[in-house]
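The values are calculated or read from the model by the stated rules, or taken from the named source; none is laboratory data. Every value quoted in this text rests on a predicted model; they were computed, and no experiment measured them. Virtual Cβ from ideal backbone geometry, glycine too; neighbours counted across all protein chains shown.
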Amino acid sequence: MEKEEPTGLDLDELDLRIINELQDDGRKPSTEIARRLGVPRPTVARRIERLVSQKIITVGVFANSRRLGLPLHVMIQLVVEPQKHEAVVAAIVALDEVRWVGIATGPYDLLIEGVLRSNEHLQRFLLKRLGAIDGIRGMQTAHILDVPKITFDWERMRRAGEAVTTAENDQVSSSQKRTEPASPKIERGDRMEEEKES
């Protein structure tokens, strides 16, 4: 059985604060992080080494593909024959134009992101490279015109999820209170009639 990746429950508050310090500048020295967080530098260095080795974080360069001569940004949805799924994934992962591959649920089996030089490059990629992979039954391409937002503010996203969960729980609790039947009131006259009959 394949081992599941660790979840956020394996991280403590210091780990999250270190990640928060690195998200804007992955080259930030551990001495500066230690000073800002008020902890020893060796502790920060060990934590960063563990976070990287456990693949919780990756420190690298995120480049602007347009400025590098790759102005075409596309997302491609693929339908794949189930019995050839693994072979198709391996073939797509090996393609130089592909930056990201996701295995998905729903009407499409794979979602891939590509960056290319031109429309001609895209045409060759779709027809000659993807088209040559045995097992792909269909594809749909979306040309990304602009990216209004891309963020790595993981702490803000974690807090947003917690806020949504809290709001949903409060809403359910409030709804349950409104729908609870009221206890029946027994008037004094009704009680006296019941006592007479008994």
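The residue list T43, T58 contains one member that is among the polar types (S, T, N, Q), over 30 Å from N119 (Cα atoms) and exposed (fewer than 12 other Cβ atoms within 10 Å of the Cβ), which is T58. Only one entry of A34, A45 meets the criterion of being farther than 30 Å from Q140 by Cβ, touching a Lys or Arg at 6+ places or on another chain (Cβ under 8 Å), at pLDDT 95 or above and not in a strand (DSSP E or B), and that entry is A34. Of the listed requirements (1) out of contact with any strand residue (DSSP E or B) (no Cβ under 7 Å at 6 or more places or on another chain); (2) surrounded by fewer than 11 Cβ atoms within 10 Å (Cβ to Cβ); (3) within 30 Å of D15 (Cα to Cα); (4) not charged (D, E, K, R), W154 misses just one: (2). Residue pairs whose Cβ atoms lie under 7 Å apart, sitting 6 or more positions apart in sequence or on different chains, and linking a residue in the stretch 65-83 that is farther than 10 Å from I144 by Cα to a partner that is among the polar types (S, T, N, Q) and part of a strand (DSSP E or B), are I76/T141; Q77/Q140.
Going residue by residue through the stretch 95-105, is there one that turns out to be hydrophobic (A, V, I, L, M, F, W, C), at negative phi, part of a strand (DSSP E or B) and touching a Lys or Arg at 6+ places or on another chain (Cβ under 7 Å)?
Taking the stretch 95-105 and keeping what is hydrophobic (A, V, I, L, M, F, W, C), we get 95, 98, 100-101, 103-104.
Now drop any that are not at negative phi, which leaves 95, 98, 100-101, 103-104.
Going one step further and asking which of them are part of a strand (DSSP E or B), we end up with 98, 100-101, 103.
If we keep only those that are touching a Lys or Arg at 6+ places or on another chain (Cβ under 7 Å) as well, we get none.
Scanning the stretch 95-105, I find no residue that is hydrophobic (A, V, I, L, M, F, W, C), at negative phi, part of a strand (DSSP E or B) and touching a Lys or Arg at 6+ places or on another chain (Cβ under 7 Å), so the answer is no.
Checked against the criteria, V79 counts as part of a strand (DSSP E or B), modelled with pLDDT of 95 or more and within 14 Å of R137 (Cβ to Cβ).
Where residues in the stretch 104-135 are closer than 23 Å to N64 by Cβ and of a type in the set (D, E), which of them is surrounded by the fewest Cβ atoms within 10 Å (Cβ to Cβ)? If you could, list the steps in order and put the result at the bottom.
Going residue by residue through the stretch 104-135, those that are closer than 23 Å to N64 by Cβ are 111-122, 125.
Going one step further and asking which of them are of a type in the set (D, E), we end up with 113, 120.
Numbers: E113: 15, E120: 10.
Filtering the stretch 104-135 for residues that are closer than 23 Å to N64 by Cβ and of a type in the set (D, E), the one surrounded by the fewest Cβ atoms within 10 Å (Cβ to Cβ) comes out as E120.
The single condition among (1) more than 20 Å from the chain's Cα centre (by Cα); (2) of a type in the set (S, T, N, Q); (3) closer than 30 Å to L126 by Cβ that Q77 does not meet is (1). Once the stretch 90-103 is narrowed to residues that are closer than 14 Å to V79 by Cα and surrounded by 13 or more Cβ atoms within 10 Å (Cβ to Cβ), the residue that is nearest to the chain's Cα centre (by Cα) is V101.
Give me the residue from the stretch 1-31 that is of a type in the set (A, V, I, L, M) and surrounded by fewer than 16 Cβ atoms within 10 Å (Cβ to Cβ) and, out of that set, modelled with the highest pLDDT. The extreme case among them is L14.
Given the residues S53, S30, which is the only one that is small (G, A, S), at negative phi and over 21 Å from the mean Cα position of the chain (by Cα)? Before you say what the answer is, go through the steps one by one.
Working: S53 fails: over 21 Å from the mean Cα position of the chain (by Cα).
The match here is S30.
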